[in-house]
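What follows is a single structure, written as structure tokens, with notes after it.
Just so it is clear, none of the values below were taken in a lab; they were calculated from the coordinates. As the structure is a prediction and not an experimental result, all values here were calculated from the model. Glycine gets a Cβ as well: all are built from the backbone with ideal geometry, and neighbour counts include every protein chain shown.
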Amino acid sequence: MKPHYPILDGLRGTAAILVVIFHLMEGFYPELPKHPMHHGYLAVDFFYLLSGFVVGYAYDDRWAKGMTVKQFFKIRAIRLHPLVILGTIIGAICFWFDPYKDMQVINIGKFIAVILFGFTLLPAPLDVRGWGETHPLDGPCWSLMQEYLANILYAIVGRKLNKPALWTLVIISATVLTIVSVDHGDVGTGWGYGKIQSRFIADFFYGPNSGGYPNVLVAPVRMMFPFFAGLLLFRTGKLIRIRMAYTVCSLLLAGLFFFPWYSWNGYFDAACIIFAFPVIVAAGAGGQISGRWAKLCKFSGEISYPIYIIHYPFIYIYTFWIAKAKPAPETVLLIAIGLFSLFMVLAYAALKLYDEPVRAWLKKKYLTAG
């Protein structure tokens, strides 16, 4: 029987909760150097590393037992896509009734098209808010699109790679990630079509007058190293045994996310992803937990995906409210606390009333033979 890694579930929840807090703070502190949680965007990269480890754990041994690529894609779509649909629906409703949005008059056909793109998780070539996002109704879906890409690459190529080949891929991906992080000054991008400032990459690839490169190109760079590093970590089995692993690893994550912003920030981001996150995951996978702490990890892991995917449509309204109403800081704090509580309730309700029943039905209908 396979071992279970409950602390990794808990750490996924820790990262999800921290990224929600990051987004709530971002409405009041839109500039990263002034943001109290300067590096909260790194939660996405941590998710990818966790995902690589867990995908290897869950599926590496199933290919020899007859699992096909088609069956793998079915399993992953059933696990991930119901909440993509729900997040898009919530995003559409929040956009339609947002009294603070800039674009008060919208083209209905364009709006419906954006919803349909959201349902497929494909990047929308249309915009309804003016932010230039690839997924304008539910921003975090950009990272889910990369998760899908990672799963495709795993099923087609990654599952077949031996350790030397996987090491080579990881080292190359780490090098590219470091170059991009240093060039941009951070990795907190990849979600849209707008151009980002470049120190040398844009000049090299696009010419000296390019003005930068589309930030969406950073998305697969952010995914490649952590996902395949997580897969490599699982296959090597190099785990770390420490006491109170869940508490220690959660505090380490929070410490890295709140670390101050310096001129060498690009190097810091790369170091977090390449060195710190694998250590944290290795310690989480190697740790032991029981009793109430195990129940907390289970709950935290269960709500991590729902809270991540459904909170951001409300963040749009909240951000525009701050920008236009200019409320006092203490008012913003009260609303932020209220929203955080709402997100927790909605995440649990989405899990129990929608996600789990829908996944159970889909499994029965499409996976009974697999």
Subset of segment 189-204, residues touching a strand residue (DSSP E or B) at 6+ places or on another chain (Cβ under 7 Å), within 18 Å of residue 270 (Cα to Cα) and among the small types (Gly, Ala, Ser), comes to 198
Picking from 58, 64, the residue that is part of a helix (DSSP H, G or I) and free of Cβ contacts under 8 Å to residues at least 60 places away in the same chain would be 58
Being more than 20 Å from the chain's Cα centre (by Cα) and under 30 Å from residue 226 (Cα atoms) narrows 152, 156, 112 down to just 156
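Residue by residue, here is whether (1) in a loop (DSSP other than H, G, I, E, B); (2) touching a strand residue (DSSP E or B) at 6+ places or on another chain (Cβ under 8 Å); (3) closer than 26 Å to residue 145 by Cβ; (4) of a type in the set (Phe, Trp, Tyr) holds:
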{"residue": "229", "(1), (2), (3), (4)": "no, no, yes, no"}
{"residue": "242", "(1), (2), (3), (4)": "yes, no, no, no"}
{"residue": "246", "(1), (2), (3), (4)": "no, no, no, yes"}
{"residue": "260", "(1), (2), (3), (4)": "yes, no, no, no"}
{"residue": "276", "(1), (2), (3), (4)": "no, no, yes, no"}
Within segment 342-370, the residues that are farther than 14 Å from residue 304 by Cα, part of a helix (DSSP H, G or I) and among the hydroxyl-bearing types (Ser, Thr, Tyr) are 354, 366
Listed by first then second residue, the pairs whose first member lies in segment 199-224 and is farther than 30 Å from residue 52 by Cα and touching a residue at least 12 places away in the same chain (Cβ under 8 Å), whose partner is β-branched (Val, Ile, Thr) and not in a loop (DSSP other than H, G, I, E, B), with beta carbons under 7 Å and at least 6 positions apart or on separate chains, are 212/196
Flagged in segment 331-364 as farther than 20 Å from residue 90 by Cα and either among the polar types (S, T, N, Q) or touching a strand residue (DSSP E or B) at 6+ places or on another chain (Cβ under 8 Å) (or both), in numbering order, are 331
Those residues of segment 235-252 which are surrounded by fewer than 22 Cβ atoms within 10 Å (Cβ to Cβ) and touching a residue at least 60 places away in the same chain (Cβ under 8 Å) amount to 235, 236
Of the residues in segment 152-207, those that are part of a helix (DSSP H, G or I), basic (Lys, Arg) and surrounded by 13 or more Cβ atoms within 10 Å (Cβ to Cβ) come to 159
Going by what's in this entry, would residue 277 be described as touching a helix residue (DSSP H, G or I) at 6+ places or on another chain (Cβ under 8 Å), surrounded by fewer than 17 Cβ atoms within 10 Å (Cβ to Cβ) and touching a residue at least 12 places away in the same chain (Cβ under 8 Å)? no
Residue 145 fails exactly one of (1) within 28 Å of residue 265 (Cβ to Cβ); (2) in contact (Cβ under 8 Å) with a residue 60 or more places away in the chain; (3) out of contact with any Lys or Arg (no Cβ under 8 Å at 6 or more places or on another chain); (4) in a loop (DSSP other than H, G, I, E, B), namely (4)
When restricted to 46, 111, the only residue hydrophobic (A, V, I, L, M, F, W, C), surrounded by 15 or more Cβ atoms within 10 Å (Cβ to Cβ) and free of Cβ contacts under 8 Å to residues at least 60 places away in the same chain is 111
Only one of 93, 115, 106 is in contact with a Gly (Cβ under 9 Å, 6 or more places away or on another chain) and either in a helix (DSSP H, G or I) or not small (Gly, Ala, Ser) (or both), namely 115
Of the residues in segment 262-271 that are outside any loop (DSSP other than H, G, I, E, B) and of a type in the set (Gly, Ala, Ser), the one that is surrounded by the fewest Cβ atoms within 10 Å (Cβ to Cβ) is 271
